[in-house]
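A.B. asks: Handing you a structure now.
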Amino acid sequence: MKEPTSDPSERVRFASDFLDFFSDRHASTHAAFFKDHVKSGMSILDCGCGPGSITIDLAELVSPGQAIGIDIENAQIERARMLQDARKVSNVEFRVGDLNHLPFNDNTFDAIFAHGVIEYFRDPVHAFSEIRRVLKSNGVFGARHGDWGGFLLATKDPYAKKAFSVFIRLMKRNGGNPYFGRNQVSFLRKAGFSRIISSASYDCWTPTLETARKVGHFMKVYFRSEEFVGPVLRHNLTESTTLEKIQLSFDDWGEDQDIFAAEAWGEAIAWKS
Ligand SMILES: C[S@@+](CC[C@H](N)C(=O)[O-])C[C@H]1O[C@@H](n2cnc3c(N)ncnc32)[C@H](O)[C@@H]1O
């Protein structure tokens with residue numbers, strides 16, 4: 001069987017100045033479905049932690065227990081460590097590591113969390129099996145993954161809409177699943193989890209015009225970044241003239257008074273029993 005790839009050329013990647021978009025994520029919002037299961041004294045692992053804002057919140061919840069955040073990208077881990085210093089949280093450690101080959105013994109963690117990461121993987125069942133392996137018996141796993149079939153967008157510029165369809169093409173080209181949110185229960189069951197509670201929620205990206213402007217800026221950065229433009233042009237996922245129009249569409253996206261964007265997420269709490 002082919003080993004699941006962690007080759008950077010086959011991953012959706014995010015430019016380092018785009019990471020602030022993820023830094024705005026917190027356990028109170030993005031792990032709301034899971035946080036009642038995260039108790040003081042637990043050991044917890046956050047897989048694909050990105051810049052670490054959710055991980056640090058989870059560390060505060062398990063204190064004096066220990067939290068570990070792992071991410072395959074060194075740039076993300078460096079950001080996470082800077083945030084840890086700024087927030088002065090000592091019971092969390094950030095390490096570079098691959099979720100497809102978790103560097104931990106079997107039965108290590110009381111709780112594990114994964115947010116917005118396994119939807120990009122070619123073999124999600126392998127990743128969930130790896131998570132199950134390092135979870136203690138009766139340990140709890142919280143997974144929240146996007147589903148682009150539920151993305152809501154009201155925008156005047158058709159090229160801003162087109163941007164997300166090209167992003168979906170890029171995800172698929174790299175082996176990811178844009179409709180992962182609705183399918184994760186099936187993957188969890190295949191990985192051996194049998195006791196599962198599902199839910200779903202939305203993140204509104206544009207609650208106020210001020211937030212819409214901020215998100216518009218992140219989109220402008222992402223859709224111009226080498227991490228997006230490089231693979232899109234290499235794999236002919238759209239014409240270069242369309243790409244230019246997509247990029248221009250985010251220049252004043254956040255100034256549109258009628259803008260609305262919301263991301264759909266599938267959630268699951270699964271126990272190793
Ligand atoms: C969309 S970001 C989400 C970050 C964070 N969980 C959040 O929701 O804010 C996905 C993260 O998964 C990481 N990642 C991708 N493949 C990985 C792998 N094989 N092992 C560990 N992390 C991985 C990426 O580097 C990136 O930081």
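The values are calculated or read from the model by the stated rules, or taken from the named source; none is laboratory data. Nothing here was measured: the structure is a model prediction, and the numbers come from that model. Ideal geometry is used to build each Cβ from the backbone, glycine not excepted, and the neighbour counts take in all protein chains shown.
A.B. asks: Which of (1) closer than 30 Å to His235 by Cα; (2) in a helix (DSSP H, G or I); (3) at pLDDT below 95 is the odd one out, the single condition Ile77 does not satisfy?
C.D. replies: Here Ile77 clears every test but (3).
A.B. asks: Right, here's the next one. From the list Ala32, Ala27, which residue is within 26 Å of Ala200 (Cβ to Cβ), in contact with a helix residue (DSSP H, G or I) (Cβ under 8 Å, 6 or more places away or on another chain) and either more than 9 Å from the ligand (Cβ to nearest atom) or of a type in the set (Lys, Arg) (or both)? Don't jump to the end; show me each part of the working.
C.D. replies: Numbers: Ala32 fails: in contact with a helix residue (DSSP H, G or I) (Cβ under 8 Å, 6 or more places away or on another chain).
Every option except Ala27 fails the conditions.
A.B. asks: I've got another one for you. Given (1) crowded, with 16+ Cβ neighbours inside 10 Å; (2) within 15 Å of Phe164 (Cβ to Cβ), identify the lone condition not met by Thr242.
C.D. replies: Every listed condition holds for Thr242 apart from (1).
A.B. asks: Please verify whether segment 89-99 includes one or more residues that are in contact with a Ser or Thr (Cβ under 9 Å, 6 or more places away or on another chain), in contact (Cβ under 8 Å) with a residue 12 or more places away in the chain, more than 8 Å from the ligand (Cβ to nearest atom) and charged (D, E, K, R).
C.D. replies: Looking through segment 89-99, none of the residues is in contact with a Ser or Thr (Cβ under 9 Å, 6 or more places away or on another chain), in contact (Cβ under 8 Å) with a residue 12 or more places away in the chain, more than 8 Å from the ligand (Cβ to nearest atom) and charged (D, E, K, R).
A.B. asks: In segment 142-196, how many are charged (D, E, K, R) and in contact with a strand residue (DSSP E or B) (Cβ under 9 Å, 6 or more places away or on another chain)?
C.D. replies: Total meeting the criteria: 6.
A.B. asks: Continuing with this model, one more query. Which of the residues belonging to segment 60-76 are more than 9 Å from the ligand (Cβ to nearest atom) and hydrophobic (A, V, I, L, M, F, W, C)?
C.D. replies: Within segment 60-76, Leu61, Val62, Ala67, Ile68 qualify.
A.B. asks: Does Leu237 satisfy the condition of being crowded, with 16+ Cβ neighbours inside 10 Å and in contact (Cβ under 8 Å) with a residue 40 or more places away in the chain?
C.D. replies: Criteria met by Leu237.
A.B. asks: Something else now. Six or more apart or on different chains, Cβ atoms under 6 Å: show the pairs whose first residue is in segment 133-150 and surrounded by fewer than 19 Cβ atoms within 10 Å (Cβ to Cβ) and whose second is of a type in the set (Gly, Ala, Ser).
C.D. replies: The qualifying pairs are Gly150/Ala264.
A.B. asks: Going by what's in this entry, would Gly254 be described as in contact (Cβ under 8 Å) with a residue 40 or more places away in the chain, over 20 Å from Trp148 (Cα atoms) and buried (at least 20 other Cβ atoms within 10 Å of the Cβ)?
C.D. replies: Here the answer is yes, as Gly254 does meet what is asked.
A.B. asks: Continuing with the same structure: Take segment 133-169 and flag every residue that is over 30 Å from Val229 (Cβ atoms) and either within 16 Å of the ligand (Cβ to nearest atom) or assigned to a loop (DSSP other than H, G, I, E, B) (or both).
C.D. replies: Arg133, Val134, Phe141, Gly142, Ala143
A.B. asks: Sticking with this one: Looking at segment 170-197, which of its residues are under 30 Å from Thr238 (Cβ atoms) and in a helix (DSSP H, G or I)?
C.D. replies: Residues satisfying the conditions are Leu170, Met171, Lys172, Arg173, Phe180, Gly181, Arg182, Asn183, Gln184, Phe187.
A.B. asks: While we're on this one: Just the residues that are within 11 Å of the ligand (Cβ to nearest atom) and under 23 Å from Ala32 (Cβ atoms), please, taken from segment 100-123.
C.D. replies: Phe113, Ala114, His115, Gly116, Val117, Ile118, Glu119, Tyr120
A.B. asks: Shifting gears a bit: Here is a check on your reading of the model: is Asp251 more than 29 Å from Asp123 (Cα to Cα), of a type in the set (Asp, Glu) and in contact with a helix residue (DSSP H, G or I) (Cβ under 7 Å, 6 or more places away or on another chain)?
C.D. replies: Judged against the criteria, Asp251 is a match.
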